[in-house]
Amino acid sequence: MLDFLFGAAFTPNKCKTQLRLCVSRIRLLQNKKAITTRAQRKDIATLLATGKEDSARIRVEALIQEESTVLAFEILELYCELLSVRVELMKMSKGLPEDMQESVASVVYAANRCSAQLPELQAVKTQLQAKYGKEYVQRAQSDETCLNEKVNPRLVDALAIRVPDPKKKVALLSEIALDHNVDWEVVTGPA
């Protein structure tokens, strides 16, 4: 009733429902991205086979980003499942249980970064903010302080948007060429 004055209250049932919806959406997106990455790999192999290495190098960057997103979704799926099972424990404890710090902080960290694909994470973040405070959520979301709040470093790395390492690009191109029986040798030059 007085939510507008004091902010929203932690509602375990709503949090649990949103976590379960999020897990379902993650599974759906994982299947969709698996199909997409297979198609991307095939397209890159075709580019390599036809000698269009520059185009293949550009496309492999998108593939690396897509595979990083899949890894992030796998991590988030586990954390969302864990939290949905432990909502009642969260309800009963005053503070954040030590064995749940990583899962809570990681879900909060990912909420803004994945909100377009996983809108349920925003609702979960709002519930966790009601339970653990705005300051905690801000620290967990910040790139500078997220690791102090126990956000999974693999998740931080997977959700980071940056140019892939040239060695990683070449290694993936070699892997794709090998998987698709394309005769391709690494040509040293621009990455």
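For segment 161-191, a residue qualifies if it is surrounded by 11 or more Cβ atoms within 10 Å (Cβ to Cβ) and touching a residue at least 40 places away in the same chain (Cβ under 8 Å), and the qualifying residues are PRO164, LYS168, LYS169, LEU172, LEU173, ILE176, ALA177, ASP179, HIS180, VAL182, TRP184, ALA191. Quick one: would you say THR17 is of a type in the set (Val, Ile, Thr), free of Cβ contacts under 8 Å to residues at least 24 places away in the same chain and exposed (fewer than 13 other Cβ atoms within 10 Å of the Cβ)? No: the conditions fail for THR17. Residues in segment 136-172 that are among the small types (Gly, Ala, Ser) and in a helix (DSSP H, G or I): 3 in all. The set of residues from segment 93-133 being closer than 16 Å to THR11 by Cα and of a type in the set (D, E, K, R) comprises LYS94, GLU120, LYS125, LYS131. Taking segment 107-135 as the range and being in a helix (DSSP H, G or I), farther than 18 Å from VAL156 by Cβ and open to solvent by 60 Å² or more (accessible area, probe 1.4 Å) as the test, the residues that pass are THR126, GLN129, LYS134, GLU135. Each residue in segment 25-72 was checked for being over 22 Å from LEU178 (Cβ atoms), among the hydroxyl-bearing types (Ser, Thr, Tyr) and open to solvent by 70 Å² or more (accessible area, probe 1.4 Å), and 0 pass.
The values are calculated or read from the model by the stated rules, or taken from the named source; none is laboratory data. Values in this document were obtained by computation on a predicted structure and should not be read as measured data. In this analysis, Cβ positions are derived from the backbone assuming ideal geometry, glycine residues included, and neighbour counts consider all displayed protein chains. For the accessible areas, the whole protein counts, side chains as well, though only heavy atoms, and no ligand, DNA or RNA atoms are used. Shrake-Rupley method; radii C 1.70, N 1.55, O 1.52, S 1.80 Å.
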